Amino acid sequence: MIKVNYTILIILISMHPSLSNAQPVNNDIIIRHGTTILTLVSPDTIWIAADSKVAEVTSYNSTTGNSLSQNKIFETNGIIYGFAAILKCSNKSGMSLFDSQKIMDSIIKDRKQFQSSAIAYKDAILVKLTELLDSLVLKESHAFIDKYMNEPIHTFLMASFGNEGPKYYSQSYIIAKNGNAYKIQEMQPSIYDYGTMYFMTGSKKAIKEFLNLHPDYFGDFHEMKKKLICLISLEAKKNLADVGMPVDVVELYRNDFKWFLDNKECDLTKKIK
């Protein structure tokens with residue numbers, strides 16, 4: 001039986017060129033965000049698919065009009081990882097405040113092990129998100145703060161194979177009210193334990209609606225890559241602001257992984273409707 005975990009997760013980072021050379025707008029903090037990431041974990045294979053659109057907003061949650069395509073799934077030392085919601089941000093001078101992918105890459109190279117890397121990243125990103133929140137409060141960026149009191153401000157996911165089988169871990173963070181102050185709060189993590197499970201991270205409204213109508217969509221592992229791409233393309237059509245093609249897909253096995261990039265129109269979902 002497939003278990004469903006709707007914890008908002010994946011995930012955003014880069015084997016593609018770096019984000020943008022655009023200059024910050026209105027001397028404000030510039031934040032890159034977005035994403036839909038789907039993960040399906042089976043005892044033998046892990047499939048991870050992510051859209052590639054990255055949007056840019058200011059700390060007052062107003063769009064700068066800048067967006068581009070960027071891979072949001074990464075690999076370091078055999079560990080696949082990804083990010084959703086806020087991926088990176090810079091100050092008014094263009095200096096990086098934090099870059100999720102660079103932090104994770106450095107930690108995995110240092111720690112080498114899956115579990116210790118996850119713990120170290122949790123600690124590191126909590127510091128960076130708290131610093132960002134302090135800046136948002138100082139700027140009285142209420143629209144931005146309110147948005148991420150209702151949805152994750154950052155999500156990361158990690159996947160790998162160990163001697164005992166597949167591993168998957170994902171953690172999300174929200175802004176919570178603490179009296180008259182605000183704090184970054186961890187949400188319940190998503191962890192793979194056994195069997196076959198799928199996880200959704202980021203924008204997923206259209207995907208959830210489709211899967212509710214077609215509960216047997218993942219009934220077998222036939223054309224899994226194509227099935228994930230189709231679901232993300234559905235979401236992209238419904239949420240043009242945050243989700244966009246092409247789609248990156250990673251198939252992870254015990255001793256190897258394959259990477260795919262696909263910008264084709266979905267036809268599987270059309271056949272099912």
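Side notes on the structure shown:
- In region 183-229, the residue that is least open to solvent (accessible area, probe 1.4 Å) out of those that are of a type in the set (Ser, Thr, Tyr), in a strand (DSSP E or B) and modelled with pLDDT under 95 is Thr201.
- Matching residues, region 230-267, being touching a strand residue (DSSP E or B) at 6+ places or on another chain (Cβ under 6 Å), part of a loop (DSSP other than H, G, I, E, B) and under 24 Å from Pro166 (Cα atoms): Arg254
- Restricting attention to region 39-55, the residues being open to solvent by 10 Å² or more (accessible area, probe 1.4 Å) and assigned to a strand (DSSP E or B) number 3.
- Each residue in region 144-182 was checked for being at pLDDT below 90 and either open to solvent by 20 Å² or more (accessible area, probe 1.4 Å) or aromatic (Phe, Trp, Tyr) (or both), and 12 pass.
The values are calculated or read from the model by the stated rules, or taken from the named source; none is laboratory data. As the structure is a computational prediction, the values presented were derived from the model and not from experiment. Quick reminder, even Gly has a Cβ in these numbers, built from the backbone with ideal geometry, and neighbours come from all protein chains shown. Note: areas computed on protein heavy atoms with side chains; ligands, DNA, RNA excluded. Shrake-Rupley method; radii C 1.70, N 1.55, O 1.52, S 1.80 Å.
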